[in-house]
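The values are calculated or read from the model by the stated rules, or taken from the named source; none is laboratory data. Fair warning: this is a prediction, and the values are worked out from it, not measured in the lab. All Cβ positions, glycine included, derive from the backbone under ideal geometry; neighbour counts span all protein chains shown. In case anyone asks, the SASA skips ligands and DNA or RNA and just uses the protein heavy atoms, side chains included. Shrake-Rupley method; radii C 1.70, N 1.55, O 1.52, S 1.80 Å.
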Amino acid sequence: MDKEKIIFVGLGKLGLSLAYILSTKFSVLGYDKNTAHVNNLKSNNYSSIENDVKKFVLKKKKLKIKFTHDLKKNDFNKIKSVFILIATNSSIYGNYDSKNLLILINSLIKKINKNVEASNKKILINICSTLQPGTYNKFLKPIENRNKNIRFTYVPEFVACGDTIEGFLNPDQLVVGANDKASKKKIINIYKKIIPKKKINNLTIEGAEMVKLSTNAYICNKISFANLIGEICEINKIKDIHEVLKTIGSDTRIGNKFFKSGPPFGGLCFPKDVRAFQNLCNQSKVNSQLIKSVETINLRKEQFLVKQLNTLIKKKNLKKIGIIGYTFKENTKVTLESQYEKILNKLNIKKIYVFDENIKFISIGKNFEKCLKLSSLIKKCNHIILFHKNKKYEKIALKNPKKNFFSVWETQAKNIIDLNSSGY
């Protein structure tokens, strides 16, 4: 165990994962203002956290981590590094708003400067939260100029809810933003102890800000382009939509990852990143038509699936349907910006039964009814829509040949109808 202690601020769905991972090599003091959440963590109550995080914690029983909802100046004794991973929400203009982050940083610096030991040494504040390009130059650099003992680095996360542990431990690359050699060396040494032998790209903080936002904006562009191809294939009665996309994606210049005709994108990051990138284009006085089209196509795919399902409902004169999957993706409890919730709210049907792997922990629309067991949903409904992609659901469909299954994803199962084409 490394002797260095780290204060980790922000124990949400992403932050908690990284805090736990860091605690395998360092002593970590995890801080979050949510008192109830902190008390649950102290009492080892993991019911509200992601399943992959729970498994990691139970497997790594001797983690060196403590939790608090009230940071004191004395907590900064022997501290050289502070990690921050809190949500940076979108403003009404679409850009990422750093207001809460800056309030937090100034509060931390006050506590640091009140601690005699901490105020007399260099403290590294590593930010993992998404930053709008320009945040460092406009806000963080002036803070450094006023506080010679404070230096910032920016190591943005590229992980997805439901798979955060794997995402942090095995990233495609590590993006490190640092504007001085000492800070860069220090932050790289910390990360190397938890994710060794990974490709490290060293940039300025300004460069890392651009990489983070541009990467997710491009992924959304790729998703929308694939759905655009699917739309064209549908109009021109080209039946092998998925083979078309697989073949295009097999070109190494393109790649198959995120290149499928499927549901629109949703969730915590992608919709916000598209809006923030559009704002960046506008602020830079660069034509934003490309990224606007990404949003337009995404909305059009949502409308297409709504039309498909309402056609099915009308054609079969359905009074009820079953839904498997409500969160924006499988293996997570996140319903914010769920593309599936948006689709369900536009269906012309009296009764919608919903099953989700995390159904016990999520809130659903008042017009829907929870099924706590998948078997209960199958029993109640003859027509079942698969929003989440999982091989076990295909196996269940095969075991229930008298039921009618439909999927928003490509499927090889013979008795599951693909909603990406209107062949039913």
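Some observations on this one:
- Projected label distance in nm at GLN173 and ASN382, using a 7 Å step from Cα toward the beta-carbon: 5.4
- Label-to-label distance, nm, for residues given as GLU337 and LYS66 (7 Å Cα→Cβ offset): 3.7
- Accessible-area composition of the range 345-424, carbon plus sulfur, in percent [1.4 Å probe]: 50
- Within the accessible area of the range 34-193 (1.4 Å probe), percent carbon and sulfur: 49
- Mean ellipticity per residue at 222 nm, deg cm²/dmol - from DSSP H runs of n ≥ 4 across the chain, formula -39500 (n - 2.57): -12500 deg cm²/dmol
- Straight-distance candidates among the aspartates and glutamates for linking to LYS319, with alpha-carbon spacing under 18 Å and chain neighbours fewer than 8 residues away dropped: GLU369.
- Principal-axis tilt of helix 270-283 within the chain, Cα atoms, nearest 10 degrees: 70
- Between the helical axis of 205-235 and the longest alpha-carbon principal axis of the chain there is an angle of about 0 degrees.
- Cα gyration tensor, the range 1-54 - rounded (a/c under 1.5), prolate or oblate: prolate
- For the range 277-362, the spherically averaged projection of the C-alpha convex hull amounts to 7.0 nm².
- Treating each Cα of the range 155-291 as one equal point scatterer and applying the Debye formula with no solvent, the log10 of I(q)/I(0) at q = 0.09, 0.11, 0.14 Å⁻¹ comes out as -0.37, -0.54, -0.82.
- Helix 181-192 axis, angle to the chain major axis (alpha carbon atoms, nearest 10°): 50
- Placing unit charges on the Cβ atoms only, positive for Lys and Arg and negative for Asp and Glu, gives the chain a dipole magnitude near 1200 debye about its Cα centre.
- Relative contact order of the chain: 11 percent, from C-alpha pairs under 8 Å at least 6 residues apart in sequence.
- Were the residues from GLN283 through ILE254 laid out at 0.36 nm apart, the gain over their Cα-Cα distance would be 7.5 nm.
- Over 31 Å apart at the Cα level, from the set LYS5/LYS181; LYS110/LYS199; LYS181/LYS257; LYS5/LYS55; LYS54/LYS141; LYS55/LYS148, are LYS110/LYS199; LYS181/LYS257; LYS54/LYS141; LYS55/LYS148.
- Heavy atoms of the protein chains alone define the surface here; on that basis the chain has 50 Å² accessible area per residue at 1.4 Å probe size.
- Given the choices (1) 19.9; (2) 25.3; (3) 22.0, mean projected area of the Cα convex hull in nm² derived from the coordinates of this structure is entry (3).
- The range 292-414 shape via C-alpha gyration tensor axes, a/c threshold 1.5: rounded
- Rg then Dmax, both in Å and based on the Cα atoms of the range 73-141: 13.4, 42.
- Annotation: lysines with alpha-carbon distance below 16 angstrom to LYS292 (same-chain offsets under eight excluded): LYS222, LYS272, LYS301.
- The range 182-221-the range 156-181 distance, computed between alpha-carbon centres (Å): 7
- Part-to-part distance (alpha-carbon centres) for the range 262-297 and the range 1-48, which is given in Å: 32
- Dipole orientation for the chain: of the candidates VAL116, ASN236, ASN202, VAL116 has the Cα lying most toward the positive pole (charges on Cβ; Lys, Arg +1; Asp, Glu -1).
- The range 290-339, accessible surface, carbon-and-sulfur percent (1.4 angstrom probe): 54
- Overall form of the range 128-232 per C-alpha gyration tensor (a/c, 1.5; a/b vs b/c): oblate
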